[in-house]
Every structure is written in C-alpha cells, then in structure tokens.
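Below: one structure, written as structure tokens.
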Amino acid sequence: MAELDKRLLRWLPHRPPMLLLDRAVEVSAEAATAIVSITAESPFYLASLGGVPSCIGLEYMGQTAALSDGWRREQGMVEPTIGFFLGCRSFTAHTDHFALGDSLEVRAWGATFVGDHLVNFSCAIHGASNGSELATGSLSVMLKPV
C-alpha cells in the first residue's frame, strides 16, 4: 500500500485493511477527490485477474463520498454520524478490473441532501495518469447520528 494520508484517519471511520483510499486530494462540504493506487498488496487484489475487480470501485466511491462528511464534522458543521450505504443507481464500469500499477482518481460530488438523513452523491473513477473514465455511479447514503 502507498503511504497512507493521515487525514483519511481523521475523516473516515475505516481502518486498514478496509481503508481502501491512499490519499485525499481535495475535500469540501459538497465534494471529495481521492487517489487509490493498485498494488499486489491492495485489498481485493487478485493475481489471477492482474488487479482489483471493478465492482470494488463502488467501495472506493463510498469511502470518497464519506470524506465530505468527515471533513464537515471536523469543521464543526455537523454532529458525528455513521453513513449506511443504501444503494447505487446506474453503476457502470468500463473495465472488468483496475490493473496492477494503476493510479485511480475517485471523485464524489453534488452532495444532495434529502431531509436531515439522506444524501446522494454522483461519483466517477478516472485513470489518474490519462483521465480515462473507468466507472461512474450515483450513491445514496443514510446518515445516522451517533
């Protein structure tokens, strides 16, 4: 695993080995961007596939979206919550796996709140080096106060 960005430990409840992001690039109340580096030590790496199955991109998206909530909590904008993934609309992967050596840029934006406890994010995963779109989806998350 690449060197872990310590801000992730402040903003996310996840811990290795289930902390799948490597670095937060940009985080605000409405959006977040993170980097994931695919290595042979990456959780869910399959040597037979030569990478990580693209369905794991859904978790990359979820953890990236959660960065916004952690950042808002740290800024004193919200009380602590636990996010429960409710579903994803239109998850589309343009590849069957993220290959060994890939660096992924994962974005979650457009946080749309429905009442106090439901939030929707648009998400995308791009190749960090060439910008090619690898996956997209729209997540729905319920926020439960702690």
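The values are calculated or read from the model by the stated rules, or taken from the named source; none is laboratory data. Bear in mind that the values here come from a model prediction, so they are computed numbers and not experimental data. Here the Cβ positions follow ideal geometry from the backbone for every residue, glycine too, while neighbour counts run over all protein chains shown. Just so you know, the surface numbers come from the protein's heavy atoms only, side chains and all, with ligands and any DNA or RNA stripped out. Shrake-Rupley method; radii C 1.70, N 1.55, O 1.52, S 1.80 Å.
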For this session: Residue by residue through the range 83-109, note down the ones that are open to solvent by 40 Å² or more (accessible area, probe 1.4 Å) and under 14 Å from the mean Cα position of the chain (by Cα).
Result: 83, 84, 85, 88, 91, 103, 105, 107, 109
Exercise. Residues of the range 11-39 being within 20 Å of residue 126 (Cα to Cα) and part of a loop (DSSP other than H, G, I, E, B), which ones?
Worked result: 19, 20, 21, 22, 28, 30, 31, 38, 39
Exercise. Could you say which residue among 8, 58 is assigned to a helix (DSSP H, G or I) and touching a helix residue (DSSP H, G or I) at 6+ places or on another chain (Cβ under 9 Å)?
Worked result: 8
Exercise. Would you call residue 141 assigned to a strand (DSSP E or B) and under 20 Å from residue 36 (Cα atoms)?
Worked result: no
For this session: Could you please let me know if residue 131 is over 21 Å from residue 9 (Cβ atoms) and open to solvent by less than 90 Å² (accessible area, probe 1.4 Å)?
Result: yes
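Yes/no per residue for (1) touching a helix residue (DSSP H, G or I) at 6+ places or on another chain (Cβ under 8 Å); (2) modelled with pLDDT under 90; (3) outside any strand (DSSP E or B):
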site	(1), (2), (3)
83	yes, no, no
87	no, no, no
95	yes, no, yes
131	no, no, yes
136	no, no, no
Seminar exercise, completed: Taking the range 30-42 and keeping residues more than 14 Å from residue 62 (Cβ to Cβ) and crowded, with 17+ Cβ neighbours inside 10 Å leaves 31, 33, 35, 37, 38, 42
Seminar exercise, completed: For the range 24-66, the count of residues that are within 13 Å of the chain's Cα centre (by Cα), over 18 Å from residue 10 (Cα atoms) and of a type in the set (Val, Ile, Thr) equals 1
Exercise. With (1) open to solvent by 30 Å² or more (accessible area, probe 1.4 Å); (2) closer than 19 Å to residue 142 by Cα as the list, and residue 45 as the residue in question, which single condition is left unmet?
Worked result: (2)
Seminar exercise, completed: Exactly one of 27, 52 is touching a His at 6+ places or on another chain (Cβ under 7 Å) and either modelled with pLDDT of 95 or more or open to solvent by 30 Å² or more (accessible area, probe 1.4 Å) (or both), and that one is 52
Exercise. Does any residue of the range 24-33 turn out to be touching a Phe, Trp or Tyr at 6+ places or on another chain (Cβ under 6 Å), within 20 Å of residue 144 (Cα to Cα) and not acidic (Asp, Glu)?
Worked result: yes
Exercise. Only one of 9, 21 is open to solvent by less than 90 Å² (accessible area, probe 1.4 Å), over 19 Å from residue 141 (Cα atoms) and at pLDDT 95 or above; which?
Worked result: 9
Problem set entry | When residues of the range 56-78 are limited to those that are hydrophobic (A, V, I, L, M, F, W, C) and touching a strand residue (DSSP E or B) at 6+ places or on another chain (Cβ under 7 Å), the one surrounded by the fewest Cβ atoms within 10 Å (Cβ to Cβ) | 58
